[in-house]
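These notes concern the structure reproduced below.
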Amino acid sequence: MNKYLASSEFIDWEHTDVFTQARDLTGGSPDPEEIARRCFEFVRDEIRHSQDYELNPVTCKASDVLKHRTGYCYAKSHLLAALLRANNIPAGLCYQRLTITDVPPFCLHGLNAIYLEGHGWYRADARGNKEGVSAKFCPPIEKLAFPIVTDGEADLPEIWAEPLSVVIEVLTNSKTYQEVADNFPDIELVSRV
């Protein structure tokens with residue numbers, strides 16, 4: 001589990017602001033599930049989705065997401081992982097491969113896996129709710145933002161300790177939220193025979 005608790009370049013929970021926010025979100029509760037819910041709801045509700053709100057700058061590091069209060073789903077998942085790890089709750093990154101309008105092209109969507117005693121790994125999507133999108137934290141039931149509905153879409157089963165390089169590349173090389181939207185990352189699915 002150590003890799004799911006580590007501070008790193010993009011999940012920089014040892015940054016003073018991130019660590020302070022993480023501790024504030026505990027509200028004094030000793031219950032990891034309650035702390036995880038508070039962290040999830042903070043990122044979902046208080047950090048604005050860059051495309052929904054047409055906001056710059058493009059953020060990637062958890063500390064920058066917190067500072068600017070905006071990020072794409074990927075960046076928001078980095079912040080949620082950082083807040084959880086700062087509270088000693090193992091957290092990883094997950095991805096779905098989705099269409100934007102129910103037809104190709106495809107792109108990745110970022111979310112989290114949180115390790116909760118009594119439940120194991122639980123996926124949570126702090127992307128941010130809007131009309132037609134309603135993600136919730138209610139373990140053990142997953143309430144993700146997007147269902148898999150189109151051929152070629154997929155829930156990727158892996159739980160990564162660090163962001164995928166294609167995600168980092170897009171976020172760090174794009175200057176505006178529109179550049180990210182024009183170049184959403186994707187990966188090819190390997191079919192199992």
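Of note:
- Segment 1-84 - charge dipole about Cα centre, Lys and Arg +1 at Cβ, Asp and Glu -1, debye rounded to 20: 100 debye
- Taking amide H positions as modeled 1.01 Å from N, with prolines and chain starts lacking one, the residues under 5 Å from TYR72 and 5 or more places away or on another chain are SER50, THR59.
- Spin-label proximity, LYS67 to segment 158-172 - amide N less than 17 Å from point 7 Å beyond Cα toward beta carbon: 171-172
- Sequence of HIS68, HIS78 once ranked by neighbouring C-beta atoms within 10 Å, starting from the fewest: HIS68, HIS78
- Degrees between helix 32-46 axis and first principal axis of the chain (Cα, 0 to 90, nearest 10): 50 degrees
- When the charge dipole of segment 2-182 is built from unit charges on Cβ atoms (+1 for Lys and Arg, -1 for Asp and Glu) and taken about the Cα centre, the candidate among HIS119, SER7, GLY28 whose Cα reaches farthest toward its positive end is GLY28.
- Rounded to 5, the percent of DSSP beta bridges in segment 2-182 classed as antiparallel: 90 percent
- Considering only CYS94, ILE47, GLN178, the residue lying farthest towards the positive end of the dipole of segment 2-182 is ILE47, judged by Cα position with unit charges set on Cβ.
- For segment 97-193, size of Cβ-based charge dipole, Lys and Arg +1, Asp and Glu -1, in debye: 300 debye
- The chain: most fluctuating residue of SER29, SER63, SER134 per GNM, C-alpha cutoff 10 Å: SER29
- Under a model in which nothing but the beta-carbon of Lys, Arg (+1) and Asp, Glu (-1) is charged, the chain shows a dipole of about 300 debye around its Cα centre.
- Sites GLU131 and ASP31, calculated FRET efficiency, Cβ-Cβ separation with R0 35 Å, nearest 0.05: 0.60
- Pairs of Lys residues in the chain that lie 8 or more places apart, or on two chains, and have C-alpha atoms under 20 angstrom apart add up to 11.
- Were the residues from ARG23 through SER7 laid out at 0.36 nm apart, the gain over their Cα-Cα distance would be 4.2 nm.
- Only one of (i) 1.12; (ii) 0.96; (iii) 1.01 was calculated from the structure for Cα Rg over 2.2 N^0.38 Å, and its label is (ii).
Read the figures in this text as sums done on the coordinates, not as results from a lab. Quick caveat: nothing in here was measured; it's all calculated off a predicted structure. With ideal geometry, Cβ positions are generated from the backbone for all residues, glycine too; neighbour counts draw on all protein chains shown.
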